[in-house]
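Okay, structure first, notes after.
The values are calculated or read from the model by the stated rules, or taken from the named source; none is laboratory data. The structure displayed is predicted, hence computed values, not measured ones. Cβ placement follows ideal geometry from the backbone for every residue including glycine, while neighbour counts extend to all protein chains displayed. To get the accessible areas, we keep the full protein, side chains included, count just its heavy atoms, and leave off ligands, DNA and RNA. Shrake-Rupley method; radii C 1.70, N 1.55, O 1.52, S 1.80 Å.
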Protein chains: 2
Amino acid sequence: MTTHSQIRRPAFFISDRTGITSENVGDALLEQFDGIKFKRATYPFIDTQEKAHALVHIINKSAEESGIRPLIFSSISNNEVREIVKTAQGLHLSYFDAFLGELERELGVSARHSVQSRVHNVEKYDARMEAVNFALNHDDGVSDRDLKEADVILMGVSRSGKTPTCLYLALQYGIRAANYPLTPDDLDTTDLPRMVKPYKHKLFGLTIQPERLHDIRQERRPNSTYASLSTCRSEVAEAQAMFRRHGVPHTNTTHKSVEELAVSIMQACQLKRRF
Amino acid sequence: MTTHSQIRRPAFFISDRTGITSENVGDALLEQFDGIKFKRATYPFIDTQEKAHALVHIINKSAEESGIRPLIFSSISNNEVREIVKTAQGLHLSYFDAFLGELERELGVSARHSVQSRVHNVEKYDARMEAVNFALNHDDGVSDRDLKEADVILMGVSRSGKTPTCLYLALQYGIRAANYPLTPDDLDTTDLPRMVKPYKHKLFGLTIQPERLHDIRQERRPNSTYASLSTCRSEVAEAQAMFRRHGVPHTNTTHKSVEELAVSIMQACQLKRRF
């Protein structure tokens, strides 16, 4: 016998664009319910009545097969397309339905009710590309010119999470983030590394739990001195001491997502998005 | 005299986490209103009553100074913190308020009403790091082993948008995306490049408007043969012909955001996120 608790409830994330926001809204809400399992499916680019009808068919089939009412998180700006989607069996959670009417009343004008490609905007694309290229060209091999042009300089020991954070800052905000790896030589002195000293106001430090760093380095160079727990412990302690001594703002990356790190850095360094 | 049409209406994006989802929801709604200007501010990590009180003060000050009621997009899971934020002057658009009660009734259980760090999850971090490292190590210099291990291989002429798309696929979905740049030599023959031939099922092609490619290449190597409009035209035409001849799915990157490209590729190649 199958009981309801064993069946995963279908959860659909639907959008006339990428579906990334629908997924994020849905995730934020669903993770409020511990212990319930969902069977997730994302349907992006639902921007015509034909696609909406085809999707309704898929949702209804899933409702019948699972025997549980699906959850339907949707972000669709076109009224006709949205109305078709709403005929599907399920609990509909649509922020266009929830908020657009309220916004129209508040702003005193009608909404456009159609998709606008967010990028068309060549300027945004260029700022993003430039920042990504900056991060790539300057990863782990910095010159004084790089540091001068950077919006922020992430400093930390090898494998503390600098690179993905730089890339995320570039992709999400167009921020030019340089990456200064603290070497054992840098950590031997009590001073800031010579190269970054003129740019102290742009520095941000990343620290990490030595145990976690050890695990990450083991993957890369198993059983090396580089990866040993004692090396990890002393490097992290020295880096942390350097950050404190020179008043460099810093954060521990161990339990943070790349998104959380990027936003913390934007906030701490008062950076403004470039698009 | 200042009229209302000249004053930008304050729009606040508030979250107990990064605020990225609040911003995205707000953007999707606000861009439905052409011609209205907003003064945007994001407040992430509002996760204590103290921070909420301080924020209410900021919002009320902004309401008084601008003389227009602010819009407040918020994503806050804790009831007490949310109630404090709601005392701020403004139109409140909160998807926790709009949807959490409905979800509780549908699921028949109470929500947790607290923040859970999304990453804690070491597995997710590792998948992401691995994918980012894959994209970085294999950017523009592929080996057969890289192609074998890739989830997808993006193919296109130089500067057609492969690298940022690979990085986004890695960061957002943990997808290992390799990057095969089509050289003039590759484009001289009617065959697929020898290296990628065994992996035809993993190929995805990027095309671009020759005029846009010309602009991008001009930035890099001004007035070179590489950047000339005629080179761009013939390279793009040859690449497109190759994709068609061999049935390689492809898309034009010119008017697409990196997010849209990534999602289109996930869909076309039926890729599953790795976390």
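Go through region B:177-210 and give me each residue that's within 14 Å of another protein chain (Cβ to nearest Cβ) and open to solvent by 50 Å² or more (accessible area, probe 1.4 Å). Hit for region B:177-210 is B:Gln209, nothing else.
Whether any residue in region A:16-27 is more than 9 Å from chain B (Cβ to nearest Cβ) and either open to solvent by 10 Å² or more (accessible area, probe 1.4 Å) or more than 25 Å from B:Ile20 (Cβ to Cβ) (or both) is what I want to check. It would help to see each step written out before you state the result.
Step one: of region A:16-27, the residues more than 9 Å from chain B (Cβ to nearest Cβ) are A:16, A:22-23, A:26.
This time we only want the ones that are either open to solvent by 10 Å² or more (accessible area, probe 1.4 Å) or more than 25 Å from B:Ile20 (Cβ to Cβ) (or both), so: A:16, A:23.
Looking for residues that are more than 9 Å from chain B (Cβ to nearest Cβ) and either open to solvent by 10 Å² or more (accessible area, probe 1.4 Å) or more than 25 Å from B:Ile20 (Cβ to Cβ) (or both), one finds at least one in region A:16-27, hence yes.
Applying a threshold of 9 Å to beta carbon distances and a minimum spacing of six or more residues, or different chains, the list of pairs starting in region A:70-83 at a residue that is in the same structural domain as A:Leu55 (by the TED database) and ending at one that is assigned to a strand (DSSP E or B) and β-branched (Val, Ile, Thr) reads A:Ile72/A:Ile14; A:Phe73/A:Ile14; A:Ser74/A:Ile14; A:Ser75/A:Ile14; A:Ile76/A:Ile14. Considering each residue of region A:110-126 in turn, at least one proves to be over 25 Å from A:Ile20 (Cβ atoms) and surrounded by fewer than 22 Cβ atoms within 10 Å (Cβ to Cβ). Yes or no: region B:88-102 includes at least one residue that is among the small types (Gly, Ala, Ser), in contact with an Asp or Glu (Cβ under 8 Å, 6 or more places away or on another chain) and in contact (Cβ under 8 Å) with a residue 12 or more places away in the chain. No.
Against the list (1) crowded, with 19+ Cβ neighbours inside 10 Å; (2) among the charged types (D, E, K, R); (3) within 22 Å of B:Tyr168 (Cα to Cα), the condition A:Arg273 fails is (1). Set side by side, the residues A:Arg245, A:Arg220 differ, and just one is open to solvent by 80 Å² or more (accessible area, probe 1.4 Å) and closer than 19 Å to A:Ala268 by Cα, which is A:Arg245.
In region A:247-267, the residues that are at the interface with chain B (Cβ under 8 Å from one of its Cβ atoms) reach residues that are among the hydroxyl-bearing types (Ser, Thr, Tyr) and part of a loop (DSSP other than H, G, I, E, B) with C-beta atoms within less than 7 angstrom, at least six apart or across chains, in these pairs: A:His255/B:Ser117; A:Glu259/B:Thr18; A:Glu260/B:Thr18; A:Val263/B:Thr18. All of (1) more than 12 Å from chain A (Cβ to nearest Cβ); (2) open to solvent by 10 Å² or more (accessible area, probe 1.4 Å); (3) without any contact (Cβ under 8 Å) to a residue 60 or more places away in the chain hold for B:Asn133 with one exception: (1).
There is no residue in region B:29-38 that is surrounded by fewer than 21 Cβ atoms within 10 Å (Cβ to Cβ), away from every other protein chain (no Cβ under 13 Å) and free of Cβ contacts under 8 Å to residues at least 40 places away in the same chain. Under the condition of being surrounded by fewer than 24 Cβ atoms within 10 Å (Cβ to Cβ) and among the polar types (S, T, N, Q), the residues counted in region A:163-176 number 2. Return the residue satisfying two criteria in turn: it lies in region A:61-109 and is within 11 Å of another protein chain (Cβ to nearest Cβ) and open to solvent by 60 Å² or more (accessible area, probe 1.4 Å), and of such residues it is nearest to the chain's Cα centre (by Cα). Among those residues, the one meeting the criterion is A:Asp97.
Being closer than 30 Å to B:Thr48 by Cβ and at the interface with chain A (Cβ under 10 Å from one of its Cβ atoms), is that true of even one residue in region B:152-166? Don't jump to the end; show me each part of the working.
Of the residues in region B:152-166, the ones closer than 30 Å to B:Thr48 by Cβ are none.
No; the residues of region B:152-166 include none that is closer than 30 Å to B:Thr48 by Cβ and at the interface with chain A (Cβ under 10 Å from one of its Cβ atoms).
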